[in-house]
1. How large is the accessible surface per residue of segment 139-212, computed with a 1.4 Å probe and reported in Å² as a whole number?
2. Using the heavy atoms of the protein chains and a 1.4 angstrom probe, tell me the accessible area per residue for segment 59-101 in square angstrom.
3. If one puts a single equal scatterer on every Cα of segment 89-213 and applies the Debye formula without solvent, what log₁₀ I(q)/I(0) results at q = 0.14, 0.17, 0.21 Å⁻¹?
4. Round to a whole number: what % of the accessible area of segment 74-213 belongs to carbon and sulfur, probe 1.4 Å?
Amino acid sequence: MRKTQKFIALAAVASLGVFATACGSDSDDAATDEAVTEETVAEEVVTEDTAAAATEEAGADAPQTIVDVAAGNPDFSTLVSLVTTAGLAETLAGEGPFTVLAPTNAGFEALAEKMGVTIEELSATLTGDVELLKTVLTSHVIAGKVMAADTAALNGMDADLVSGEKAKVVSADGVVSFTIGTSTATVVTPDVEAANGVIHIVDMPLLPLAMQK
C-alpha cells in the first residue's frame, strides 16, 4: 500500500511540473508551492517506508528468549505445551537469566516407556495436577546461567533447582548429567543460548522425588 502511495505522490509532482509550463509565469508561484507540498508528501512516504522496514528488520533480529527458542522448535512441542498449561511461559520469558534442562518430545516418550505407561498417560498424569506439573517443570530450571564448561567446577556437587529440589551434577569426559534421586537426565546438546539464559537439551525429563515414591 505504501509503494502505491509513493507512486501517486511522485506522479503528482511530475504532473504539476507539466501544468506549470503550460500555464506560463502567472501560475509559477502556485505550481511551485503545490510541487513542494507533493514532494514533501513523497518524502514522508519514503521515510515511513524506510522506518517500517527498519522496524521489521529489527524485530526479525531481536534476541529470542528461552520460550521463543523452544516454541520455534517442533521437537519441543510437548515441553512447550506443558509449560503453557502450568502457566510458566511468562516466567521463563522473563529477564532471568535461567538455565533450562529441556527434554525433547523423544525424551518424554523415553520416560513414558521407562515408567511403563503411554505418552498419553504420562501427559494426563502431569496435566491432571498443575502443582505437580509446576514442580516437575521447575525441577528443570536453575536460577542463573550455567554453561556446560561451568559444570566441571560443579562435578559431584548439588545444583539448586527452582522447584526446591537438588540435582547432583556429574561432569566428566565431556559428558554432563543431572540426577534427582534415581532420575537422571544427560545433556545431549549443550549451550543453546537465548536472550535470557541458556538451554541444555537432555535425553529424558527429570522426576522430582515426589514422583519417585
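1. Values: 3300 Å² over 74 residues.
Spelled out: the 1.4 Å probe surface of segment 139-212, per residue, equals 45 Å².
2. Working: 2230 Å² over 43 residues.
Result: 52 Å² per residue.
3. -0.57, -0.86, -1.30
4. On the way: 3710 of 6750 Å².
Solvent-exposed carbon and sulfur of segment 74-213 make up 55 percent of the total.
The values are calculated or read from the model by the stated rules, or taken from the named source; none is laboratory data. Just so you know, these numbers come straight off a predicted model, no measurement behind them. These area figures cover heavy atoms from the full protein model, side chains too; ligands, DNA and RNA do not enter into them. Shrake-Rupley method; radii C 1.70, N 1.55, O 1.52, S 1.80 Å.
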